[in-house]
Amino acid sequence: MLDTNWAVAWMRASAAIIAEQRMALSELDRLIGDGDHGENLDRGFQAVVAKLDVVYNTPAEVLKMVAMTLMSVVGGAAGPLYGTAFLRAASATSTAANWDAETVAVALTAARDGIVARGKAELRDKTMIDAWTPAVEAADEAVQNGLGEMEVLFAAAAAAQQGAKDTEPLVARKGRASYLGERSAGHRDPGAQSTALLLGAAAQTAREAA
Amino acid sequence: MLDTNWAVAWMRASAAIIAEQRMALSELDRLIGDGDHGENLDRGFQAVVAKLDVVYNTPAEVLKMVAMTLMSVVGGAAGPLYGTAFLRAASATSTAANWDAETVAVALTAARDGIVARGKAELRDKTMIDAWTPAVEAADEAVQNGLGEMEVLFAAAAAAQQGAKDTEPLVARKGRASYLGERSAGHRDPGAQSTALLLGAAAQTAREAA
Amino acid sequence: MKKLINDPKNVVSESVQGFGLAHPDLVSIHPDPLFISRKQTKSNKVGLVSGGGSGHEPLHAGYVGFGMLDAAVPGAVFTSPTPDAIIPATLAADSGAGVLQIVKNYTGDVLNFEMAAEMATAEGVQVSTVLVNDDVAVEDSLYTAGRRGVGGTVLVEKIAGAAAERGDDLEQVTAIAQRVNDNVRTMGVALSACTVPHAGVPSFELADDEIEIGIGIHGEPGRHRIPMEAADGIADRLLEPVLTDLNLSAGESVLLFVNGMGGTPLSELYIVYRRASQLLAERGFTIERSLVGNYITALEMQGCSISVLRLDQELTELWDAPVHTAALRWGV
Amino acid sequence: MKKLINDPKNVVSESVQGFGLAHPDLVSIHPDPLFISRKQTKSNKVGLVSGGGSGHEPLHAGYVGFGMLDAAVPGAVFTSPTPDAIIPATLAADSGAGVLQIVKNYTGDVLNFEMAAEMATAEGVQVSTVLVNDDVAVEDSLYTAGRRGVGGTVLVEKIAGAAAERGDDLEQVTAIAQRVNDNVRTMGVALSACTVPHAGVPSFELADDEIEIGIGIHGEPGRHRIPMEAADGIADRLLEPVLTDLNLSAGESVLLFVNGMGGTPLSELYIVYRRASQLLAERGFTIERSLVGNYITALEMQGCSISVLRLDQELTELWDAPVHTAALRWGV
Ligand SMILES: Nc1ncnc2c1ncn2[C@@H]1O[C@H](COP(=O)(O)OP(=O)(O)O)[C@@H](O)[C@H]1O
Ligand SMILES: Nc1ncnc2c1ncn2[C@@H]1O[C@H](COP(=O)(O)OP(=O)(O)O)[C@@H](O)[C@H]1O
Ligand SMILES: [Mg+2]
Ligand SMILES: [Mg+2]
Ligand SMILES: [Mg+2]
Ligand SMILES: [Mg+2]
């Protein structure tokens, strides 16, 4: 079962991978947006890390702090979207001190639904939803197949990564990239890519916790 | 003797050589000024040419028209300076229907004195005066040696050309180039160069008139 | 990249500090979270709040003051501000009659203002929102995030500000703001790109002989790239879709607004104004009011935008009403 | 070179035409010879005329109107206007009380205005002249054409304009203008060069990591080239010689003017303003008034200048007096 320490470790790993990929994410955004996605998220996760040293009692407490921090520090489209995602995940799992496989799936579904509620994107609009929805579906399937929490996260992360890759041929219909119309095809969506990185960090830290 | 037709031919030749050297003059000015000297003079002499088709009775009438035109079309430092020069030359020679050698020297002296009165430059300030004053001195000497008007003009033109060349090592103390201080050394003064061109045109057309 | 800045991280905070030092009679600066509020305001006036990414100066801080905004919330350069700054700005702007949020239609701005509005409402402030979306360069809004808010924003802020100042209630001020938005269209052009300080490289690339028609104020792409043209031709290309979309009838009165993107000399804006006003006259429209200058910029981008606002008597009166801000001032 | 222009030959005339179309309530345009005159003026007010090469917009046409200039004479870009335009402008500005010519100290401007003054005097107009020479970058005026007129020109025009408006006679207005000039010092910096339209190539070359301290408003060289620095360091380098030369005593009041050269975003000017105002405060000077923006430019040059004007009560009152021009407006 994944405990509060895992949630903290996940956020440290997220901050590390976002910092490492900062330039790459911004470059994706420069090609079809305004080139700040890596910068924005990096600022946000640095602020998250600065708040990880206090004591948290549940993963939900950690995620709630993450939500509030990202909302107030990231800005742009991604700030409210990720903020809402983490807030919904926290609310949906608030009673659980430890996450089992099912809780993981519940959290991912709540996060995805939050993003859709806020941003109204549909699948194949070339947004982070194109990473989140495959991840949720893969997680659900893994739970149904009786896999454990770590395997559920790996399935979700892999699906998100594939989803991010699959945004490349799409024409954007939401967010800044939509102004490009047909010219947005041929580039990966930065938000879908950052989603894949965050879920990848969740899976990696689950393995290390196991 | 140099008549009104010569004065008209001189102005046409001046306009032609200024047009030809427009870029070169502006390049000199770009190096130590603001890069418009060729442009300004070319605009001025084009306007002069447009007024050459009416009938003039004396060289002085031609020069007066040139003065008024340059003053109202050239602008910058060179407009009033050349304007004053031609105006003074016209006044000093107003009675002469034909110019002999002495009249040529009188005209050049009046022109130079007009520029000094307006611009208050001294010799070796790196201005057009450094072409005009050698020209005046050479003309005076040629008259004293009993040479004819064409030879006087050739002597003046040659001295002006040498004077322009001799401005190269000087540090400017008047006009825009003076802001450069020591950095103005090593470049020829554009106004001295245009003076040499105008006097050169005077001599050439005198030869053709002869 | 050469800029008059210190650490790129501090460009917004230092610039806003300087702004506060230069205009102590007009504004107060709240450093953390960062927002700008109007110094004197009467009670029971509808409050106006706007904000968005920085880099468009004088928008929005330059429009805080009598007859215009009560608070402005600057985000990082080209990045919308966050709810934790928008909320206190909204509370500061409320003098009991509620607050209108004027939001440029970009996903980031819309989402952050929306969250802030929810939270401010929860704290008891009446909040309404107008989304400015005047940029005709974005053609089909069914398949996009919708039209962007550009030059029209300045006009919405001025005219809604005057309505609030004369005592309209929140519903009325909101309706006026919406009416301005519904009657203004804009299109822009870029001759060169701009460089976001922390990025350090130009946001996009334009060849020496190319221009981008329909550019956004963050350097987002427009309708198409074309070879460089004379100013008159460019003015025609910008104005034509504006007029088509606005669907003016001959004889109608308009406000013509030629806006510089930051790196274009004022003299060139007047060359564009000249052609635009000729074209409007040819079509039988009357230019009642005009505005020419750098009012909503994209850092040091070279280029301009043309906005046309359909005027009626009330909008004209509200436009003429006194205003006293750092960047727009008359009648007082 | 990409510019929003048509034929380079027509940039000045078309821009001035556009200016006239945009501000028909303020100015009349006289096309040939080209000058701009104020629409309404009272009789028996001292007339103010200024002018110079174009490319410094909004200077001077932008300052024609109530409380400032009566006529402006734009030359070709960076080239002083000629007497045949200055003379009718001077006659138009005369309403019986004589005319003050405000001339920036460049050889070309000085000579052309001097000739025009002689001729206007011959036509019976009383003419006086103030040469503005506030640029401390030119160090030793014994061996140069003297200090150049730069940012201080705007302040001279505003304050002398107010003196004329309140009814001062020619001698008094001239004395006020001279007093402003004697008490203002300026220094500028260029981060990039500008390109004169008919030249088509940059007026000078600056490497990617170089700036020119002491630049003139035509891109004339300054004191020295140095490697690029942070804004605070640049502000110090500009302000230090200004303060040294102005020889202020602690406790004195000043107007601080941070001016953009045309291609620098307003946000950066405020960053410079911030540092300059800190430095003035450290030295014990009081900033009574401020001005920040693009008021005297060098086409699209990137850079700025800092001017400091020593204020006394009368100058402050005249600065505050109502002004209504295209580029400067308050109190009306
Ligand atoms: N309406 C939306 N729904 C879901 N995701 C969105 C939406 N709009 C934008 N995004 C995501 O946000 C990402 C851009 O984030 P970011 O660059 O931080 O914001 P901004 O576009 O404001 O600069 C896009 O790559 C996309 O994945
Ligand atoms: N005070 C002066 N006396 C004589 N000649 C001068 C003076 N000032 C400038 N000049 C001449 O004028 C020339 C520059 O002319 P021009 O480029 O047309 O004017 P501007 O400097 O106004 O652009 C200089 O090369 C110099 O020869
Ligand atoms: Mg982005
Ligand atoms: Mg020159
Ligand atoms: Mg952004
Ligand atoms: Mg010149």
For segment D:92-195, alpha-carbon Rg over 2.2 N^0.38 Å
1.16
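Is it possible to state the helix-based mean residue ellipticity at 222 nm for the protein assembly as shown, with each DSSP H run of 4+ residues giving -39500 (n - 2.57), the sum divided by total residues, to the nearest 500 deg cm²/dmol? What is it? Working shown, then result.
Working: 32 runs with 504 residues, N = 1084.
Theoretical 222 nm ellipticity from helices: -15500 deg cm²/dmol.
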For the protein assembly as shown, the charge dipole (Cβ of Lys, Arg +1; Cβ of Asp, Glu -1; about the Cα centre) points to a positive end, and the Cα of B:GLY186, A:GLY186, B:ALA19 closest to that extreme belongs to B:ALA19
How far, in degrees from 0 to 90, does helix B:149-166 lean away from the longest principal axis of the Cα atoms of chain B, to the nearest 10?
0 degrees
Under-5 Å amide H pairs with D:PHE66, H placed in peptide plane, nonlocal only
D:HIS324
Other copies of C:GLU282: label-to-label distances in nm, shortest first, labels 7 Å along the beta-carbon direction
5.8
Sorted by chain and then number, the residues having a modelled amide H within less than 5 Å of the amide H of C:VAL99, at least 5 places away or on another chain, are C:GLY47, C:GLN126, C:VAL127, C:SER128
Virtual spin-label span in nm between C:GLU314 and C:ASP25, 7 Å along Cα→Cβ
3.3 nm
Specify the residue with the greatest mean-square fluctuation among D:PHE78, D:PHE113, D:PHE257, computed from a Gaussian network of chain D linking alpha-carbon atoms under 10 Å apart.
D:PHE78
Given a 1.4 Å probe, how much area per residue of chain B is accessible, in Å²?
38 Å²
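Nearest 20 debye, what's the magnitude of the dipole of segment A:54-210 about its Cα centre given +1 on Lys and Arg Cβ and -1 on Asp and Glu Cβ?
Numbers: 14 positive and 17 negative charges, 153 e Å.
For segment A:54-210, the charge dipole is close to 740 debye.
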Give the shape of segment C:248-332 as rounded, prolate or oblate, defined through the alpha-carbon gyration tensor: a ≥ b ≥ c are the square roots of its eigenvalues, a/c under 1.5 means rounded, and otherwise the shape is prolate if a/b is larger than b/c and oblate if not.
oblate
Please list, in chain and number order, the residues 5+ apart from C:TYR295 or on another chain whose amide H is under 5 Å from its amide H, with Hs placed from the backbone.
C:GLY260
Using a simple charge model, +1 on the beta-carbon of Lys and Arg, -1 on the beta-carbon of Asp and Glu, nothing else, what dipole does the protein assembly as shown show about its Cα centre, in debye to the nearest 20?
680 debye
Accessible area of chain C divided out per residue, in Å², using a probe of 1.4 angstrom:
31 Å²
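Nearest-5 percent of antiparallel DSSP beta bridges in segment C:10-182?
In segment C:10-182, approximately 30 percent of DSSP beta bridges are antiparallel ones.
Check each of the trypsin sites (Lys or Arg not before Pro) in segment C:36-81 and keep only those in coil by DSSP with at most 14 other C-beta atoms within 10 angstrom; list them in order.
Details: sites: C:ARG38, C:LYS39, C:LYS42, C:LYS45; in loops: C:LYS39, C:LYS42, C:LYS45.
Here the sparse-neighbourhood loop sites are C:LYS39, C:LYS42.
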What percent do you get for the relative contact order of segment D:10-182 when only Cα pairs under 8 Å and 6+ apart count?
21 percent
Roughly what % of Cα-Cα distances in segment C:200-256 sit above 18 Å, to the whole percent?
46 percent
Rounded to whole Hz and in sequence order, give me ³J(HN,Hα) for segment C:295-303 from the Karplus expression 6.51 cos²θ - 1.76 cosθ + 1.60, θ = phi - 60°, writing x for Gly and Pro.
10, 8, 10, 10, 6, 9, 4, 8, x
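Can you tell me the mean projection area, over all orientations, of the convex hull of segment C:6-72's alpha carbons? Units nm², please. Write down the numbers at each step before the final one.
Numbers: hull surface 18.6 nm².
With the hull built on Cα positions only, its mean projection is 4.7 nm².
Could you give the Stokes-Einstein D for segment A:15-70 in µm² per second, using the C-alpha Kirkwood radius, 4 °C, 1.567 mPa s? Intermediate values should be presented prior to the final figure.
On the way: Rh = 12.0 Å.
Taking Rh from Cα pairs, D becomes 108 µm²/s.
Taking R0 as 30 Å, what FRET efficiency do you get between C:GLU205 and D:GLU210 from their Cβ-Cβ distance, rounded to the nearest 0.05?
Working: r = 24 Å, r/R0 = 0.80.
In this case the efficiency is close to 0.80.
Would you please calculate the Kirkwood hydrodynamic radius of chain A over all C-alpha pairs and express it in Å, rounded to one decimal?
Kirkwood hydrodynamic radius for chain A: 16.5 Å.
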Under the Karplus curve 6.51 cos²θ - 1.76 cosθ + 1.60, θ = phi - 60°, whole-Hz ³J(HN,Hα) for segment A:85-93, x wherever Gly or Pro sits:
4, 5, 5, 5, 4, 5, 4, 6, 10
Let me spell out the model: positive unit charges on the Cβ of Lys and Arg, negative unit charges on the Cβ of Asp and Glu, origin at the Cα centre of segment D:184-330. What dipole size does that give, in debye rounded to 20?
200 debye
Over the protein assembly as shown, how many percent of alpha carbon pairs lie in each 20 Å bin up to the one with the longest distance?
13, 38, 30, 14, 5, 1, 0
What does the C-alpha gyration tensor say about the overall shape of segment D:159-251? Classify as rounded when a/c is under 1.5, otherwise prolate if a/b is larger than b/c, or oblate.
oblate
Ignoring ligands, DNA and RNA, what percent of the accessible area of the protein assembly as shown is carbon or sulfur (1.4 Å)?
50 percent
Once phi for every residue in segment D:212-228 is put through the Karplus expression 6.51 cos²θ - 1.76 cosθ + 1.60 (θ = phi - 60°), the whole-Hz ³J(HN,Hα) values, with Gly and Pro written as x, are 10, 8, x, 4, x, 7, 10, x, 5, x, x, 7, 6, 9, 9, x, 3
Evaluate the Debye formula for segment C:177-332 with equal point scatterers sitting on the alpha carbons, no solvent, and hand back log10 of I(q)/I(0) at q = 0.10, 0.11, 0.18, 0.21 Å⁻¹, in q order, two decimals.
-0.37, -0.45, -1.10, -1.37
Ignore the peptide's own chain and count Cβ atoms of other chains within 10 Å of each Cβ in C:272-279; give me the average, rounded.
5
Just report the Cα centroid separation between segment D:292-312 and segment D:118-182, whole Å.
18 Å
With a 1.4 Å probe, how much accessible area is buried between chains D and C, both sides summed, in Å² to the nearest hundred?
4300 Å²
Express in whole angstrom the spacing between the alpha-carbon centres of segment D:1-60 and segment A:31-107.
58 Å
May I ask for the Rg/Rh ratio of segment C:10-182, computed from Cα atoms with Rh as the Kirkwood radius, given to two decimals?
0.94
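Based on the alpha-carbon gyration tensor of chain C and its eigenvalue square roots a ≥ b ≥ c, which shape applies: rounded if a/c is under 1.5, prolate if not and a/b is larger than b/c, or oblate?
Values: a/c = 1.67, a/b = 1.22, b/c = 1.38.
Oblate is the answer for chain C, as a/c is 1.5 or above yet b/c matches or exceeds a/b.
The values are calculated or read from the model by the stated rules, or taken from the named source; none is laboratory data. In this text, all values refer to a predicted model and were calculated from it rather than measured experimentally. So basically every Cβ, Gly included, is an ideal-geometry build from the backbone, and we count neighbours across all protein chains shown. Note: areas computed on protein heavy atoms with side chains; ligands, DNA, RNA excluded. Shrake-Rupley method; radii C 1.70, N 1.55, O 1.52, S 1.80 Å.
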